[in-house]
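Step one of this worksheet: look at the structure below.
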Amino acid sequence: RGFTGSASEVDALTGLPNRNFFKDMFGERGVFNTTRYRCLAVFDIDFFKEANDNMNGDEALVSVVQNMLRLLNDRGMVLRWGGDEFLVLFELPMESAYALCRAFVKNVESGRLVTVSVGLTEVRLSDTIKKNYYRAAQLCYQVKEMGGNGVQRELP
């Protein structure tokens, strides 16, 4: 299920497309030029430094990514944004994407290795990708400030 792109566009550990791929796809100051993606999520692993110190961090990252890929099942795309931060582009409406993110958080928690924080927003085609990303990232940080292990979505 690996992504095929140039070496500079693929994350070596997870096999996911990376930030370079995203920039190549949408441009440096990109806007979403497709209505395919309806929601965008930013997720990262809670207390990753501690997790990395106490176990195999690479294993935890791969496990979390596999979990999201199984749930997403070709209804979007997961990208490794950097470190333990990932971006998910959903081809799903908000309610479905939110339900999937909640299942993702529960599944990761049940694995007892790590937990994740997720911020979810609807893609606004009138906004730059950077603004869409920033909204989702802010929501992710809100979850972290409340102790992590949850999903915060943008309310209409």
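With a/c under 1.5 counting as rounded, go ahead and sort the chain into rounded, prolate or oblate using the C-alpha gyration tensor (a ≥ b ≥ c being the square roots of the eigenvalues; past the cut-off, prolate if a/b is larger than b/c, else oblate).
Details: a/c = 1.62, a/b = 1.19, b/c = 1.36.
Judged from the Cα gyration tensor, the chain comes out oblate (a/c at least 1.5, b/c at or above a/b).
Running a GNM on the chain with Cα contacts under 10 Å, which residue among 76, 111, 119 ends up with the highest mean-square fluctuation?
111
Give me the net charge for the shell around residue 92: Cβ to Cβ below 12 angstrom, other residues only, Lys and Arg +1, Asp and Glu -1. Intermediate results must be reported in sequence, preceding the final value.
Numbers: positive: 36, 38, 75; negative: 74, 91, 95, 122.
In short, -1.
May I ask you to rank 53, 44 by accessible area, largest first, using a 1.4 Å probe over the protein chains only?
Descending order: 53, 44.
For n ≥ 4 DSSP H runs only, could you compute -39500 (n - 2.57) per run for the chain, divide by its residues and tell me the 222 nm figure to the nearest 500?
Dividing the helical sum by the residues of the chain leaves -13000 deg cm²/dmol.
Which order do 46, 84 take when ranked by solvent-accessible area (1.4 Å probe, heavy atoms of all protein chains), largest first?
84, 46
Let me have the relative contact order for the chain, percent, based on Cα pairs under 8 Å that are six or more residues apart. The partial results should precede the final answer.
Numbers: 276 pairs, mean separation 43.4, N = 156.
Reported as a whole number, the value is 28 percent.
Report, in whole Å, the centroid distance computed from the Cα atoms of the range 61-94 and the range 123-156.
15
Give me the accessible area per residue for the chain, probe 1.4 Å, as a whole number in Å².
About 52 Å² of surface per residue is accessible.
In debye, nearest 20: dipole of the chain around its Cα centre with unit charges on the Cβ of K, R (+) and D, E (-)?
On the way: 19 positive and 20 negative charges, 96 e Å.
Rounded to the nearest 20 debye, it is 460 debye.
Sorted by accessible area with a 1.4 angstrom probe, largest first, how do 72, 155 fall? Provide the component values of the computation, followed by the final result.
Working: 72 5, 155 125 Å².
The ordering from most to least exposed comes out as 155, 72.
The values are calculated or read from the model by the stated rules, or taken from the named source; none is laboratory data. Since the structure is predicted, the reported quantities are computational estimates derived from the model, not experimental observations. Because the Cβ atoms are built from the backbone with ideal geometry, glycine has one as well, and the counts that use them run over all protein chains shown. Remember, those area values only see protein heavy atoms, side chains included, never the ligands or the DNA or RNA. Shrake-Rupley method; radii C 1.70, N 1.55, O 1.52, S 1.80 Å.
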